[in-house]
1. If I take R0 = 30 Å and measure r between the Cβ atoms of residue 108 and residue 80 in this structure, what FRET efficiency does the formula 1/(1 + (r/R0)^6) give, to the nearest 0.05?
2. Full extension from residue 23 to residue 4: what is 0.36 nm times the residue separation minus their Cα-Cα distance, to one decimal in nm?
3. Given 10 °C and 1.306 mPa s, how large is the Stokes-Einstein diffusion coefficient of the range 4-106 in µm²/s, with Rh as the Kirkwood radius over Cα pairs?
4. Work out the FRET efficiency for residue 115 and residue 11 from their Cβ-Cβ distance, taking R0 = 35 Å, and round it to the nearest 0.05.
5. Run the simple label-point estimate for residue 31 and residue 87 please: 7 Å along Cα→C-beta, distance reported in nm.
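We did not get these values from a lab; they are worked out from the coordinates using the rules stated. No experiment lies behind these values; they were computed from the predicted model shown. For neighbour counting, all protein chains shown are included, and Cβ atoms are generated from backbone atoms with ideal geometry for every residue, glycine included.
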């Protein structure tokens, strides 16, 4: 399924829960602004981050922070009663696959999380910590010459 990137402000602290099998998931919402002036609208989108991503989101983020989230749409049925009548609604949410700070509005210090094992959902995404912690030095690669920095535009809003 296709991923989409969203940029917005965290509306509340993420909530970390665990399934009956003990698998972690964090839920959070972003406020995303669209348009300008009188035409400005704010959309509120709900996200779920599973596994180690969910744990890291809950441990690292708090209300008001500006985030960049990559994720996919997820729909599910929800039974509700409206005006005394039972209805089945199709709800829309998003499953996050990557979450990070928007570095235009903040700075960040990244620290690697050490894990004792790789979860099946994360398999193939990164090396297992036992392999990553190898004490053998990798052969040095020749450095490429640095390119000259482009002159920044007067307005970096694009």
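1. Numbers: r = 40 Å, r/R0 = 1.32.
Approximately 0.15, to the nearest 0.05.
2. Numbers: separation 19, 0.36 × 19 = 6.84 nm, distance 2.47 nm.
Answer, rounded to one decimal: 4.4 nm.
3. Values: Rh = 14.9 Å.
Once the numbers are plugged in, D ends up at 107 µm²/s.
4. Values: r = 29 Å, r/R0 = 0.83.
FRET efficiency, residue 115 to residue 11: 0.75.
5. Label at residue 31, label at residue 87, 2.7 nm between them.
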